[in-house]
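Chemist: Quick one: the structure is below, and I'll ask about it shortly.
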Amino acid sequence: MGVDASGRYVESSALHLLRPDEHVFNEMLAGWRNQQLSRNLQHSTIDAREGFVRRFVDATNEYPWSWSPAHVDEFFGDLRAIRHARLSTVRGYQNSLRLFCDYVATPTYGWPSVCGRYFGTHPVQVCFDWNTARHVQDSEADPSRRAFTREELQRLFDRADEEVSDIHSRGRKGWLAAYRDSVILKTAYAWGLRRNEVRHLQTVDFSRNPHAREFGKYGVLQVRWGKAKKGSPPKRRSVLTVFDWATRDPRGLARGRARTHRRQPRPLPHRARDPRLADRPPGPLPPVLR
């Protein structure tokens, strides 16, 4: 007994299974993984979905061919009422469960006939519109969270720069790592980058903008690891430079790496100050930034 590369059930042995429930369930997950891999889904997405299905089996103490909508209601009711899971988390879990049920309940893959022969029943879809959450709006962010004001951003950037100066003045290790973190903060803000985009960023991704020569070779940022759509590779996009102070830190970081390899002293980094803000002492950090 096993599954092929497309996730379909294949009878490969005439031997009786010692624990058919566990074996069939594991083969279901293996076949579902093959089906998702054939759709070019990310391994992290597949692992997360498989982990949730196993968690659902442990919570209900039932295998997929014994599930019912009552198990779904009880599990997610506990998740919302006791564990206080976020709405997006609940919807993501329900989507994973719905996709798994679609796979095992489809006769094309052969699992209904297998379960009927071994257990006298077969898996069915247990997630419907009337017992699952729907995605009705684009943004589901927590309303208690807000964007930083310009003053708060300036104080955050100043604090990151002061951390570099403090480590450097004490002759301690780690000032270059602190400077890297400071550059990452300001780069993500200046070009509007996501976490994964700024993580894969390289200095060679910058190029000139013939319509904004004042930025030199940092006029355009080529983002190579943009957010991908379902089953697609990372999306590329170009971001134009709009802040004149934003080009100082990438240049300083590149020069700092070269000097570090040559074992030469390196000057302290520039501060990124938005000219639209009044020049005032940074003062204590607000509670939201501590």
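Chemist: What do you reckon, is ALA105 among the aliphatic types (A, V, I, L, M), out of contact with any strand residue (DSSP E or B) (no Cβ under 6 Å at 6 or more places or on another chain), free of Cβ contacts under 8 Å to residues at least 40 places away in the same chain and farther than 23 Å from SER139 by Cα?
Modeler: When the stated conditions are applied, ALA105 passes them.
Chemist: While we're on this one: Can you pull out every residue in the stretch 46-88 that is among the polar types (S, T, N, Q), without any contact (Cβ under 8 Å) to a residue 40 or more places away in the chain and surrounded by 13 or more Cβ atoms within 10 Å (Cβ to Cβ)?
Modeler: Once the filter is applied, which keeps residues that are among the polar types (S, T, N, Q), without any contact (Cβ under 8 Å) to a residue 40 or more places away in the chain and surrounded by 13 or more Cβ atoms within 10 Å (Cβ to Cβ), the stretch 46-88 yields only THR60.
Chemist: I'd like the full set of residues that are more than 17 Å from PHE243 (Cα to Cα), charged (D, E, K, R) and part of a loop (DSSP other than H, G, I, E, B), limited to the stretch 187-218.
Modeler: Matches in the stretch 187-218: ARG194 only.
Condition check ((1) touching a Pro at 6+ places or on another chain (Cβ under 8 Å); (2) at positive phi; (3) of a type in the set (Lys, Arg)) across all residues:
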site	(1), (2), (3)
GLN35	no, no, no
PRO64	yes, no, no
GLU74	no, no, no
ARG86	no, no, yes
ARG91	no, no, yes
CYS101	yes, no, no
ALA105	yes, no, no
VAL114	no, no, no
TYR118	yes, no, no
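Chemist: Step by step: first the residues of the stretch 138-161, then only those that are basic (Lys, Arg) and within 22 Å of the chain's Cα centre (by Cα), then the one that is modelled with the lowest pLDDT. Which residue is that?
Modeler: Residue satisfying both the conditions and the ranking: ARG145.
Chemist: So, one more: For the stretch 207-215, check the following and say yes or no: at least one residue is under 28 Å from the mean Cα position of the chain (by Cα) and not hydrophobic (A, V, I, L, M, F, W, C).
Modeler: Checked against the condition, which is being under 28 Å from the mean Cα position of the chain (by Cα) and not hydrophobic (A, V, I, L, M, F, W, C), the stretch 207-215 yields at least one hit.
Chemist: Could you name every one of the helices (runs of 4 or more DSSP H) located completely within the stretch 54-121 that has at least 3 residues being of a type in the set (S, T, N, Q)?
Modeler: Those helices (runs of 4 or more DSSP H) span 87-105.
The values are calculated or read from the model by the stated rules, or taken from the named source; none is laboratory data. Keep in mind that this is a model prediction, so the values were computed, not measured. Note that each Cβ is placed from the backbone with ideal geometry, even for glycine, and that neighbours are counted across all protein chains shown.
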